[in-house]
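A short write-up of the structure that comes next.
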Ligand code: C2G
């Protein structure tokens, strides 16, 4: 059977990988047949959040790459290169968490753009805070 090969792309830092990250990867993968994940570079993270991630770039890439729903990963080095990354991967769908709601609507001429609700009650920032309290 000639099955269409639908490509999904999503982006994120995925620092201190947690269940919210896994949930979005699983839900993103369900939109197609292949899931490519742009993992933010350490440099981009400094630019976005003003601090280095806890887990370095090669470690975050390796963790995301080996998650079951993920076909492959690439480095996202600029928020402004989204259009290029989508074209490079022949994306049919861009999936983002709804903390980015509306921010990537201008990419709708390249592919479908879907925003999914975040998993409640967990974040990298809260996890770092909890770990610090154990000191
Ligand atoms: N996420 C989620 N639920 C949480 C936490 C995160 O669904 N409780 C999702 C986010 O919405 C995002 C993905 O997991 O889609 C990765 O989250 P972050 O690592 O925080 O991503 P961010 O730093 O916002 O980078 O180009 C856009 C950026 O690279 C996104």
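We did not get these values from a lab; they are worked out from the coordinates using the rules stated. Since the structure is predicted, the reported quantities are computational estimates derived from the model, not experimental observations. In this analysis, Cβ positions are derived from the backbone assuming ideal geometry, glycine residues included, and neighbour counts consider all displayed protein chains.
From the list 91, 83, which one is surrounded by 14 or more Cβ atoms within 10 Å (Cβ to Cβ), assigned to a helix (DSSP H, G or I) and over 13 Å from the mean Cα position of the chain (by Cα)?
Values: 91 fails: assigned to a helix (DSSP H, G or I).
Of the residues listed, the single one that is surrounded by 14 or more Cβ atoms within 10 Å (Cβ to Cβ), assigned to a helix (DSSP H, G or I) and over 13 Å from the mean Cα position of the chain (by Cα) is 83.
On the given criteria, is residue 118 within 13 Å of the ligand (Cβ to nearest atom), surrounded by 11 or more Cβ atoms within 10 Å (Cβ to Cβ), assigned to a helix (DSSP H, G or I) and under 13 Å from the mean Cα position of the chain (by Cα)?
Values: within 13 Å of the ligand (Cβ to nearest atom): yes; surrounded by 11 or more Cβ atoms within 10 Å (Cβ to Cβ): yes; assigned to a helix (DSSP H, G or I): no; under 13 Å from the mean Cα position of the chain (by Cα): yes.
For residue 118, the condition - within 13 Å of the ligand (Cβ to nearest atom), surrounded by 11 or more Cβ atoms within 10 Å (Cβ to Cβ), assigned to a helix (DSSP H, G or I) and under 13 Å from the mean Cα position of the chain (by Cα) - is not met.
Which numbered condition trips up residue 36, out of (1) in contact with a strand residue (DSSP E or B) (Cβ under 7 Å, 6 or more places away or on another chain); (2) in contact (Cβ under 8 Å) with a residue 40 or more places away in the chain; (3) closer than 24 Å to residue 128 by Cβ?
All conditions are met except number (3).
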